[in-house]
Amino acid sequence: TNNVEISFSVEKLSNVSLSLFDNMGNRVSTILNNVMLEADNKTKNVDISNLSSGTYYYQLTVNGVAFTKKMVVVK
């Protein structure tokens, strides 16, 4: 598949950024950039068709607090 879903929760109105990085720390995609989101469970579809197989990291920043998760792409 060329899409992945990234799910997260926002507890209150928050400033949210979501970026994708390669294993060298280079930003390969900005999915959300300082977007104000209401409290709710969120799902963001991300197109990975331009990515090669490998390990990537996505970083979710909510009101200045960053959370990083690993994602492995196998094609």
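The values are calculated or read from the model by the stated rules, or taken from the named source; none is laboratory data. Note that the structure is a prediction, hence the values are computed from the model and not measured. When we count neighbours, we look across all protein chains shown, and the Cβ atoms used for this are built from the backbone with ideal geometry, even at glycine. For accessibility, only protein heavy atoms count, side chains too; no ligands or nucleic acids. Shrake-Rupley method; radii C 1.70, N 1.55, O 1.52, S 1.80 Å.
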| request: May I ask you to work out the translational diffusion coefficient for the chain at 10 °C, viscosity 1.306 mPa s, via Stokes-Einstein with Rh from the Kirkwood sum over Cα pairs, reported in whole µm²/s? | output: 124
| task | Determine the sum of side-chain charges near Val62: Lys and Arg each +1, Asp and Glu each -1, restricted to other residues whose C-beta is under 11 angstrom from that of Val62. | result | +1
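Could you give the dipole magnitude of the chain about its Cα centre, charging the beta-carbon of Lys and Arg +1 and that of Asp and Glu -1, in debye to the nearest 20?
Numbers: 7 positive and 6 negative charges, 37 e Å.
I would put it at about 180 debye.
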| field | Approximate shape of segment 35-75 as ellipsoid semi-axes (Cα gyration tensor, √5λ), whole Å, largest first | value | 24, 13, 8
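Counting heavy atoms of the protein chains only and a 1.4 Å probe, report the per residue accessible area for segment 7-75 as a whole number of Å². Mind dumping the intermediate values first?
Working: 4490 Å² over 69 residues.
Computed with neighbouring chains in place, this is 65 Å² per residue.
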